[in-house]
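For reference, the structure is listed below as structure tokens.
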Amino acid sequence: MAEVRLPDWLKESRGEPCLIGKGGSHGFLDKTLANISAFMRETLSSGAAERPGALQGLSPKARIAGFLLLIIACSITGRAFMLIGALVIMAVAMLMSNVSAASLAKRVAPSLFFTSVIAFPVFFDFITPGASVFGVSVSGYSISVTKEGAAIALFLVLRVGVMVALASLLLLTTRQADFFKGLKELKVPHLFVTALYMTFRYVFVLLKTAEDAVLARKSRTIATGRLSEAQRWTASRIALILKKSMSYAEEVNMAMISRGFDGRLRTLKAPGMEGRDYLWLFLTLFFLFLSFGF
Amino acid sequence: MVQEVFRLSGIGYSYGEGYALKGISFSAMQGESLGILGANGSGKSTLLKIMNGLVFPTSGEMRFLGEVLNEVSLKGPFQRCFRERIGFVFPEPDVQLFSPTVFDEVAFGPLQLELPEDEVRRRVGALLDMLGISALKERPPYTLSSGEKKKVAIAAVLSTNPDVLLLDEPTNGLDPRTQVWLFELLQGLKDLKKTIVMATHDLSLVGDLSDRVIVIGEDHGIAADGKADKVLRDKDLLLKANIIHEHTHRHGDIIHMHSHGPFSTHDEHE
């Protein structure tokens with residue numbers, strides 16, 4: 001085998017120490033990716049699912065169906081007290097299921113923030129005319145918050161908050177495996193369940209690929225590059241991840257076929273429903289019934 | 001009588017203008033342990049996928065237990081018989097572990113083959129116990145270490161009790177302890193007369209486990225097919241196929257030039 005000849009410049013070593021100057025800021029890309037990754041892990045993790053509790057004791061099918069009924073009820077009701085009622089049911093369920101208010105609040109906060117931003121203009125008379133609650137006038141231009149606007153905006157924020165909190169409580173108290181099993185038992189088309197599951201399963205693998213790509217670039221970056229260059233690099237990494245995700249899809253499909261998958265997914269049957277499952281379904285169904293009346 | 005499991009006749013696989021395999025012909029017998037060696041990109045993985053009916057050759061014919069294996073035959077009742085009898089361990093466990101929990105992962109194969117649920121639970125429990133991973137059964141596979149993932153991937157394949165095991169780079173990314181564990185497991189399966197076909201770079205694993213070795217050359221054809229100890233001692237062949245390499249190093253004042261391979265010694269001084 002031919003001897004490897006190292007070029008002379010590779011043999012030179014740097015003797016001088018590194019000077020510590022003024023630090024820079026974290027890169028936008030790695031910060032964004034790290035935040036997305038942390039948010040996904042936080043949102044999709046079922047933190048309280050392993051603990052004993054009232055909701056955890058329900059069959060996945062009954063749990064998902066009950067939460068779905070509550071969410072439907074919240075989406076069709078026009079009364080705030082029905083939403084507050086759902087909030088009370090949720091708070092009781094949360095306490096009985098060993099779920100901390102903080103973990104739920106962390107999941108609900110982002111959607112509450114964005115809904116509030118969207119709903120903010122609705123407070124004002126230029127969007128919702130009505131009885132002025134208070135207003136300001138500058139150089140002949142006046143703007144005021146109306147009673148009707150405030151009511152609509154607060155109702156919207158409350159509705160979204162309650163619905164997101166319900167969905168979050170379901171995810172917090174349900175293991176991923178049970179969630180998909182429950183969907184299947186509820187006769188959701190298996191193609192949809194499989195696609196949803198695969199998305200859940202491989203989103204982390206692809207996020208890790210993206211994070212690694214950013215770290216590899218960071219380890220070789222010694223100066224801040226031009227924005228256009230960063231954009232080009234980002235586009236090329238997005239293309240790479242797309243290519244990787246397609247290759248993964250193909251390989252996973254092969255792995256499934258190799259173990260006997262023929263287009264029809266067969267899973268273990270979940271245990272049947274018990275008394276408490278029927279009670280939970282009755283309560284949530286009754287709540288849905290009330291929401292039609294109010 | 002020992003049965004012929006695979007017969008490959010003139011198998012070729014091409015994509016666009018390039019090709020992954022060219023004129024591959026060999027047969028494998030029941031209970032045989034076969035090592036497939038080749039450099040990166042020589043077509044080993046494609047060959048295993050063809051043997052598992054996951055991709056189909058662009059030329060030549062492949063038979064499994066005497067039956068022609070192609071897209072048409074795998075659509076009918078032959079499919080179940082074939083999938084039941086062959087297990088394929090992929091090189092990257094993340095590809096293979098797609099179920100929500102370890103338990104579901106190991107149960108996947110038997111469930112697709114419509115085994116009764118009690119039998120599935122019994123098999124999964126026994127396998128998890130045997131591999132010492134019962135404590136992981138409720139964990140999502142993506143949270144496991146590389147060694148644990150490999151154990152689950154192997155359990156997932158063994159749960160259908162296949163007669164033939166195809167393993168693609170089985171020791172890839174494994175720590176030494178898990179490699180020894182894997183060797184002992186494969187040795188046990190070999191003793192049970194399972195047919196084992198292994199594509200790998202790990203010459204010591206092939207040397208210890210395989211009865212026969214097929215070398216795929218860099219021209220994507222068969223460079224050698226023979227008894228393991230004979231093939232693994234053919235230094236020129238292994239160097240030509242880019243499976244071993246030679247290097248020079250120094251012990252005090254003595255400079256050695258020797259090959260890296262399972263049977264290399266330090267008596268090749270220069």
Those residues of the range A:54-79 that are at pLDDT 90 or above, farther than 19 Å from A:Met273 by Cβ and either open to solvent by 10 Å² or more (accessible area, probe 1.4 Å) or touching a His at 6+ places or on another chain (Cβ under 7 Å) (or both) come to a total of 4
Those residues of the range B:187-211 which are within 15 Å of B:Lys44 (Cα to Cα), modelled with pLDDT of 90 or more and either of a type in the set (D, E, K, R) or surrounded by fewer than 18 Cβ atoms within 10 Å (Cβ to Cβ) (or both) amount to none
Per the list (1) open to solvent by less than 30 Å² (accessible area, probe 1.4 Å); (2) free of Cβ contacts under 8 Å to residues at least 12 places away in the same chain, residue check on B:Leu165 breaks on (2)
The residue from B:Pro162, B:Pro141, B:Pro176 that alone is within 14 Å of chain A (Cβ to nearest Cβ) and over 23 Å from B:Thr46 (Cβ atoms) is B:Pro141
Picked from the range B:1-24 (must be open to solvent by 60 Å² or more (accessible area, probe 1.4 Å) and closer than 17 Å to B:Ser45 by Cα), the residue modelled with the highest pLDDT is B:Lys22
A:Val145: passes all of (1) in contact with a strand residue (DSSP E or B) (Cβ under 6 Å, 6 or more places away or on another chain); (2) open to solvent by 60 Å² or more (accessible area, probe 1.4 Å) but (2)
Expected single match for assigned to a helix (DSSP H, G or I) and either within 18 Å of the chain's Cα centre (by Cα) or more than 25 Å from A:Val99 (Cα to Cα) (or both) among A:Val205, A:Val145, A:Val188 is A:Val205
Of the residues in the range B:222-270, those that are at pLDDT 70 or above, surrounded by 16 or more Cβ atoms within 10 Å (Cβ to Cβ) and assigned to a loop (DSSP other than H, G, I, E, B) come to B:Asp234, B:Ala241, B:Ile243, B:Ile244
Considering the range B:42-72, residues that are hydroxyl-bearing (Ser, Thr, Tyr) and away from chain A (no Cβ under 14 Å), and then whichever is surrounded by the most Cβ atoms within 10 Å (Cβ to Cβ), we arrive at B:Ser42
Just one listed residue, out of A:Ala216, A:Ala210, is away from chain B (no Cβ under 14 Å) and open to solvent by less than 40 Å² (accessible area, probe 1.4 Å), and it is A:Ala210
Among residues of the range B:119-136 being more than 15 Å from B:Leu158 (Cβ to Cβ) and open to solvent by 60 Å² or more (accessible area, probe 1.4 Å), the residue nearest to the other protein chains (Cβ to nearest Cβ) is B:Arg121
Only one of A:Thr173, A:Thr128 is more than 29 Å from B:Leu144 (Cα to Cα), open to solvent by less than 40 Å² (accessible area, probe 1.4 Å) and either away from every other protein chain (no Cβ under 14 Å) or of a type outside the set (D, E, K, R) (or both), namely A:Thr128
Over the range A:81-101, the set of residues open to solvent by 20 Å² or more (accessible area, probe 1.4 Å) and either closer than 13 Å to A:Arg159 by Cβ or among the hydroxyl-bearing types (Ser, Thr, Tyr) (or both) is A:Phe81, A:Ile84, A:Gly85, A:Leu87, A:Ser100
Exception for A:Val193 within (1) closer than 28 Å to B:Val157 by Cβ; (2) more than 14 Å from chain B (Cβ to nearest Cβ); (3) in contact (Cβ under 8 Å) with a residue 60 or more places away in the chain falls at (2)
Across the range A:243-291, the tally of residues that are away from chain B (no Cβ under 14 Å) and open to solvent by less than 80 Å² (accessible area, probe 1.4 Å) stands at 10
Selection over the range B:104-118 where residues are open to solvent by less than 50 Å² (accessible area, probe 1.4 Å) and more than 8 Å from every other protein chain (Cβ to nearest Cβ) yields a count of 4
Consider A:Gly161 carefully, then state whether it is buried (at least 16 other Cβ atoms within 10 Å of the Cβ), more than 26 Å from the chain's Cα centre (by Cα) and in a helix (DSSP H, G or I).
no
Here the residues within the range B:79-98 that are within 15 Å of B:Glu148 (Cα to Cα), within 8 Å of chain A (Cβ to nearest Cβ) and either in a strand (DSSP E or B) or open to solvent by less than 10 Å² (accessible area, probe 1.4 Å) (or both) are B:Phe90, B:Val95, B:Gln96, B:Phe98
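The values are calculated or read from the model by the stated rules, or taken from the named source; none is laboratory data. Note that the coordinates shown come from a computational prediction; the quantities given were computed from them, not determined experimentally. Cβ sites come from the backbone with ideal geometry, for glycine too, and all protein chains shown count toward neighbours. The area values use the complete protein model at the heavy-atom level, side chains included, leaving out ligands, DNA and RNA. Shrake-Rupley method; radii C 1.70, N 1.55, O 1.52, S 1.80 Å.
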